[in-house]
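Written out below as structure tokens is the structure these notes cover.
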Amino acid sequence: MTVLDKGVEATVTSTPPRRRHGKGWMLTVGLVIALLVLVPVAAGLGAYPIPTGDVLASVQHRLGLGGGALDRVPESVLWNVRFPRIVLALLVGASLGCAGALMQGVFGNPLAEPGVIGVSSGAAVGAVAVIAFGLDFLGTWTVSAVAFVSGLATVLLVYAMSRSGGRTEVVTLILTGIALNAFAGALIGLFLFFADTAAVNQITFWQLGSLSQATWPKVLAILPCAVIGLTLAPLHARRLDLLALGERPARHLGVDVERLRIVLVLVIALLTAAAVSVSGIISFVGLVVPHLLRMAAGPGHRFLIPASALLGALVLLAADLTARTIAAPAELPLGVLTALLGSPFFFWLLRRTRRRQGGWA
């Protein structure tokens, strides 16, 4: 390695400025505290209100740390309805936030989000097909299982179709994903055409995204995928920082770019497919969350990846709480609410990026 190479590597891997590093730690601690505060609040609010003190007492009792059990009805509401939904919101939000940070790092594009590579639309095709044709070979797990498998299969197909000469170009991968998304949309429209009225209503509800069907079995279904993905993602933070210099410098500094892309695309697919399979399509979380953190504390992936998981969990829990309380007793679709909030941010981001670059040409 030449002196110039060592200088570049030192620049990339050196500790960020103390002020930015301190801000990252403060943000991380703040996100953890916000989650610890919001969880008991979310558990207590709803059609059957439960005081926060009772929520904490019940949790302490279950953990054997004192407290006391509640009456039968509030105890059942808390542990069979509220907590499964809260835990599912945390897992789905963390998965989507982390997948968004990885997606933008892998593609080097601030406008990238997990749906670009077809995982969301692929999962939707599987779920819609199951609902439209009334398939029930796995009981209540059928929709989630088929959505998960079809989402992963779509990503593998996109990646296989975009490879040429043993390499995968980012532009080709994105364009292939766009083409597969369009094809998936056509398939969904075809399934809707043949579905009956009840199936159409169920498909529409699933596509809008919701956590209203949350149960502990669904939490256990997504938990292994979320844990694996969220554990693997931070291990590649340093290589993503090197990749931000460009493919050629990253290769020169010892990064196997092609292998890194394969691994991270699979991690993104695992996280996103698992999330979509239990919640339906929830948009803009993977796009908005990493941007907010990047603007607040810089682009370093050692901070960005875990913080995106934390903020994604916080955002989705807050959005779900809003969705089920703002129009009570009715419940807003979660995907609609995130899209309403995320779309203006995306439009602002487009204008900001275009202005900074002096146009797209």
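Quick grid of which residues meet (1) farther than 29 Å from residue 278 by Cα; (2) modelled with pLDDT under 90; (3) surrounded by 11 or more Cβ atoms within 10 Å (Cβ to Cβ):
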residue	(1), (2), (3)
6	yes, yes, yes
12	yes, yes, yes
15	yes, yes, no
30	no, no, yes
40	no, no, yes
56	no, no, yes
70	yes, yes, yes
84	no, no, yes
87	no, no, yes
Hey, any hits in segment 261-283 for a residue that's in a loop (DSSP other than H, G, I, E, B), surrounded by 17 or more Cβ atoms within 10 Å (Cβ to Cβ) and modelled with pLDDT under 85?
yes
Can you go through 208, 135, 156 and tell me which one is farther than 28 Å from residue 316 by Cα, surrounded by fewer than 20 Cβ atoms within 10 Å (Cβ to Cβ), among the hydrophobic types (A, V, I, L, M, F, W, C) and modelled with pLDDT under 90?
135
Condition check: surrounded by 20 or more Cβ atoms within 10 Å (Cβ to Cβ), without any contact (Cβ under 8 Å) to a residue 60 or more places away in the chain and β-branched (Val, Ile, Thr). Does residue 255 satisfy that?
yes
Name the residues in segment 101-148 that are of a type in the set (A, V, I, L, M) and within 14 Å of residue 268 (Cα to Cα), would you?
101, 102, 103, 106, 112, 116, 117, 119, 123
Residues in segment 324-343 that are at pLDDT 85 or above and either loosely packed, with under 13 Cβ neighbours inside 10 Å or in contact with a Gly (Cβ under 9 Å, 6 or more places away or on another chain) (or both) total 11
Looking at residue 96, is it closer than 15 Å to residue 225 by Cβ and surrounded by fewer than 24 Cβ atoms within 10 Å (Cβ to Cβ)?
no
Unique residue being farther than 30 Å from residue 236 by Cα, free of Cβ contacts under 8 Å to residues at least 12 places away in the same chain and assigned to a helix (DSSP H, G or I) when the list is 59, 37
37
So residue 296, is it in contact (Cβ under 8 Å) with a residue 60 or more places away in the chain, closer than 20 Å to residue 29 by Cβ and in contact with a Leu (Cβ under 9 Å, 6 or more places away or on another chain):
yes
Select, from 199, 226, the only residue that is modelled with pLDDT of 85 or more, surrounded by 13 or more Cβ atoms within 10 Å (Cβ to Cβ) and more than 19 Å from residue 274 (Cα to Cα).
199
If the requirement is being assigned to a helix (DSSP H, G or I), out of contact with any Gly (no Cβ under 8 Å at 6 or more places or on another chain) and at pLDDT 90 or above, which of these qualifies: 309, 313, 318, 296?
318
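The values are calculated or read from the model by the stated rules, or taken from the named source; none is laboratory data. Note that the coordinates shown come from a computational prediction; the quantities given were computed from them, not determined experimentally. All Cβ positions, even for glycine, are placed from backbone atoms using ideal geometry, and neighbour counts span all protein chains on display.
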